[in-house]
Structure formats: C-alpha cells, structure tokens
1. Quickly run through region B:135-158 and pick out the residues that are under 22 Å from A:MET190 (Cβ atoms) and away from every other protein chain (no Cβ under 11 Å).
2. Since B:THR49 meets every condition but one in (1) open to solvent by 100 Å² or more (accessible area, probe 1.4 Å); (2) within 30 Å of B:ALA87 (Cβ to Cβ), which condition does it not meet?
3. Considering only region B:17-46, state which residues are closer than 26 Å to B:ARG86 by Cα and hydroxyl-bearing (Ser, Thr, Tyr).
4. Taking the conditions exactly as written (closer than 25 Å to B:TYR191 by Cα, surrounded by fewer than 18 Cβ atoms within 10 Å (Cβ to Cβ) and touching a helix residue (DSSP H, G or I) at 6+ places or on another chain (Cβ under 6 Å)), does A:SER307 satisfy them or not?
5. Would you pick out the residues in region A:27-45 that are modelled with pLDDT of 85 or more and open to solvent by less than 60 Å² (accessible area, probe 1.4 Å)?
6. Which of the following residues is open to solvent by less than 70 Å² (accessible area, probe 1.4 Å) and part of a helix (DSSP H, G or I): A:LYS48, A:LYS71?
7. Do the conditions hold for A:GLU219, that is, is it farther than 26 Å from B:LEU195 by Cα and open to solvent by 30 Å² or more (accessible area, probe 1.4 Å)?
8. Being in contact (Cβ under 8 Å) with a residue 24 or more places away in the chain and buried (at least 17 other Cβ atoms within 10 Å of the Cβ) is the filter here, so list the residues in region A:227-244 that pass it.
Amino acid sequence: MLWVDKYRPKTLDKVIVHQDVAQNLQKLVSEGDCPHLLFYGPSGSGKKTLIMALLRQIFGPSADKVKVENKVWKVDAGTRTIDVELTTLSSTHHVELNPSDAGFQDRYVVQEIIKEMAKNRPIDTKGKKGFKVLVLNEVDKLSREAQHSLRRTMEKYSASCRLVLCSNSSSKVTEAVRSRCLNVRINAPMEEEIVNVLEFIAKKEGLQSPQGFAARIAEKSNRNLRRAVLTFETCRVQQYPFTNNQAIPPMDWEQYVSEIASDIMKEQSPKRLFEVRGKLYELLTNCIPPEIILKRLLFELLKKLDSELKHEVSNWAAHYEHRMRLGQKAIFHLEAFVAKFMSIYKSFLISTFG
Amino acid sequence: MTQDAQNALRRTMETYSKVTRFFFICNYISRIIEPLASRCAKFRFKPLTEEIMGSRILHICKEEGLNLDSEALSTLSSISQGDLRRAITYLQSAARLFGSSISAKDLISVSGVIPNVVVQAIFSACRSGNFDLANKEVNNVIAEGYPVSQMLSQLYDIVVDADDISDEQKARICKKFAEADKCLVDGADEYLQLLNVASSTMQALSNMPQDMIIFGQNKKCYGLPSCTLF
C-alpha cells in the first residue's frame, strides 16, 4: 500500500494539517445534519481526505465500505434517448462521481443520479427519514448548463440529499451554486506542516531521517502534500538509510519540460521549433495536461529571462492558455507560444547584442 | 425575459386587464421594454442602508441568541454590500461553523472574501516593480486557494480608491482587469491570469510603455486583448 493511502487520516480528529477546518466540520455535523458543502483549494491540499473523514463522521464506519460500479443511464432527452456511461463509487450512504467524465452530457448525469437518489431515500435507525450524500468531484470542469441545472436540483431535492462539491478553484463555479453551499477553503499546507507530516510518517515506519531532509522534500513539493509523501516514499525505495545529500528525484516530465526550455533558449529557428513540437507531442501523449505543460514551461523560462522580458512572456502565456481553453487542439497553442517566445527572444537578442 | 416575450405580454396584459392584475419584479428597469414599463406603476427599491441592515441583523442575533460585536457587524455589512439576504446567509453559516459568538474573522472566512492583508501584499508587490516578488505573491495566493475572480474585484477597489495613481494609469489597469475577468469566465488558468494582471499593473504603475514596440514586430498585435483577435 502506498504511504499516501496508508497514512491518510480516516477520521476528523486524526487529521494533522487542517485541524481548525476539521474541528469546525465536526461541530457542523454534530447534529447529524449538514448544509450543502463546497470544498475548494489547490491539488494535494487535502480536500478529498477531509470529505472522506467527514462522511465517516456522519455515517460511521459503513461509509468506508465502498463499491465501484459502472452504470449506464438511459436519459430521455426530448426526441431521443441517450445512453450515458459513468463510473461511480458508492456506499449505502453516499455516491461519489466525476460528472465531468461524461463530457457535454454531464447535465443529464447530474439530474438523473440526484433524482434516483431522491427516489429511494434511506431510513435511519430511529425510523426517521435520512439523507444521502452525493460527492461531486471536479465541479469546476462541469459545463455551465450542468451547473445551472444543479442549482434547481439542489433546491428541489434538498430534503433527501446533500451535495458535497469538490473543486480546484471556486471562480469556475457559478455564483448561484456557490451561494447555496457553505464554502470551505482548503489552503495548501505550509512547508513546516508538510515536514510535520513527513516526520510523523517516518516515525510510524521506524525510519531515521537526517536533519533537514524532510525540509528539502517539502521545499521541492511546491506545497503539495500528496507529492511530498510520494517523493518521500520514492527516496525510501531508492536509498535507505537516507543521507543528507541524497538527491531528491524530480518528476520526469518536469525534467523534460526544462529540457524544452533550454532548447528554445539556445536556438530560435524553424528547425528547433519542429524538434520542440515532437517533444511537446511526447508530453501530451503521456497525458500531461497542456495547461500544466504551459505553466511549467513559463516557470522554467522565467528563471532564465531578463526582467524586462518577463512581463511580456507571462502576458503571452496567459493569452495562449486562454486560447487553448477556447480551442480544441492544445498542440497548436503550445507551439504558438513557443514560436512567439522565440520571436520575442530573438529580437531581444538582436536589439541588445546587434 | 426576452424582448419577444415582453412584447407578447403586452397584448395579454391589455386583454385580461379586467380580471387580472400583474406584479412584475426585476433587477434592472432598463431591461424592461418601454411599452411594458409604461403600463405599470413603478416602485423603486433602493439598496438597504447600513442602519436598517444593522438593526435587522441585531434583531436576528437577539432571537437566535448570537453574540455579535460592533466590528463584526460593520464587517458583515461591508462584505454583503447592502444585500440583506447574503448577510443573513453569511451569519447563519458562521453561526453553524463557529458557534454562538461570531467575530469579524469568522465572517470573512465564511464569505470567501479575501483578507485585506493578502490583497495589499499583491498590490504593494506590484508597486515595488519587482517581477519575481509579484510572482511569489501570486503563487502564494493560488496556494492559499483564494478565488482569483474575487481577488480581481478587491484589487479593483483598491486601485480605484488609490489617490496617487493617475487616471490614465487607472484606466490601463482596469482595462487589464476586465480582460482577465473575461478570460476567467472562459475558464482560463487562474495563476496565469493573475500573473498577467500583476505584471501589467506593475508596468502601468511604473509607466512602462504598454506597446512594447522596441522589438519592432507585430506592432498591431501588442497590447490588444485576446478577445478582439477573434
């Protein structure tokens, strides 16, 4: 079992990083009821962990017994019926799904599943009618229509089901949905907190970690706890006992992007652009999301640039990322950014050095 | 309602005026077509004043047994911007999360408003003219998970209120805010947009030329918003 899963806190009182949030959540559900919730924060900050712990707090250990189902819904959409296929993760008390997997049909999924849940309402031990919890991941990737239909369904079926929404940024969730939920911001853990967690794991595993080693991993992790724990485990596999100067392996795709960055800094020509295209394709086919590539590329370039160019390059990065979102094929926009950068950089070189 | 629907309503209103009276509620009277507006007696509702809101909130607090100090009350009225429903919602959420005594900080954390310190940090980084400092602050905002759209509107308030910024600079900065906001609605990446806004604000504040034509290329393209190119 990976350490990330093994040391994921199971209950709200065991969490290390967001203790204040956990305490508040505990108070919130102490009466067995809760409002709709919206968790937002960067990835690797512990949104999912808190949600799972919260479910356990409400429903007890039975919330952990989940089964994976691959369901097909037949949706009646006016003139024709559409089959929507989606994988769900469910226990007797909650259903969890990624509606954005259904692409543009996400609207139907959201409506159908909530209706279905409302139909068979669970009854709790006291014979009172209980509620089910629907956990929706990646709400920010939901289409606008789906978000609009979500707000109707949220109100209509609020007696029988509670929604727990999980998203990376709350700006992409419409105001209407946001105002119906209790918003819970989960910030990325500070480096000291990550160090605490790593030391906790090291203690549990009976490992000796030299002074400052955990701090180095935390620094490299970009305040992403999941990544820090994964890196820690990788280091453990590569070399144990740890030494103070042990290299912390970077992610291979980051290495690759940094190679691309130095490639385009060295030479600006159509030939080089062609070579870079191959590398970008390589990254895309390995399922690295294009906006992550672009951001990383910008990060690498900013490290090497003169300050007067930084403004312009970041401006164009924002420009092409926006275009990428509107368009269909990411490679065009990535390549356009590279070409733009080459042109800016080359004319800068010419104007400074002649 | 669409224009067509409003036009259709006009006939219906006259035909059935004997048996039916209509009540219309709208946010903007300018979006009601003239013939329809002229058929009705108009009542205008102003946003609630701070005193009225304050007294109502205190009334609720008394009924619910909540403890609210004066600082929290003024925070509540400023973050809800004259919207009583929103104020009550915030109050209820805060009461559920933090129990019966509520401070200004609790209200801010429930409402999703960004603490002033954070916004000021970004703004002073922009003033400093140091790109790397601004980049660091932007990274921090993203890691803390603050919504960037909210950030933009709070930055906007600061920029407009600032006395030492010339009108032209303000215009340049606000133009960039508008573009970034549109991009965010389209689903663009928050980090890149905020970085872009910070960098252009910095350029405007230090009076750097907007169109970087020093490099002599694509003069037309520089400084134009992405949207106009479509």
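The values are calculated or read from the model by the stated rules, or taken from the named source; none is laboratory data. None of the values given here were measured: they were computed from a predicted structure. Using ideal geometry, Cβ is built from the backbone for each residue, glycine included, and neighbour counts are taken over all protein chains shown. Heads up: the accessible areas ignore ligands, DNA and RNA and are worked out on the full protein's heavy atoms, side chains in. Shrake-Rupley method; radii C 1.70, N 1.55, O 1.52, S 1.80 Å.
1. B:LYS136, B:GLU137
2. Here B:THR49 meets the rest and fails (1).
3. Those that are closer than 26 Å to B:ARG86 by Cα and hydroxyl-bearing (Ser, Thr, Tyr): B:TYR28, B:SER30.
4. Details: closer than 25 Å to B:TYR191 by Cα: yes; surrounded by fewer than 18 Cβ atoms within 10 Å (Cβ to Cβ): yes; touching a helix residue (DSSP H, G or I) at 6+ places or on another chain (Cβ under 6 Å): yes.
So A:SER307 fits the description; yes.
5. Hits for region A:27-45 are A:HIS36, A:LEU37, A:LEU38, A:PHE39, A:TYR40, A:GLY41, A:PRO42, A:GLY44, A:SER45.
6. Only one candidate passes the filter, namely A:LYS48.
7. No; evaluated as a whole, the condition is false for this residue.
8. Step one: list which residues in region A:227-244 are in contact (Cβ under 8 Å) with a residue 24 or more places away in the chain, which gives A:227-230, A:232-233, A:236, A:240-244.
Scanning region A:227-244 gives A:ARG227, A:ALA228, A:VAL229, A:LEU230, A:PHE232, A:ARG236, A:PHE242.
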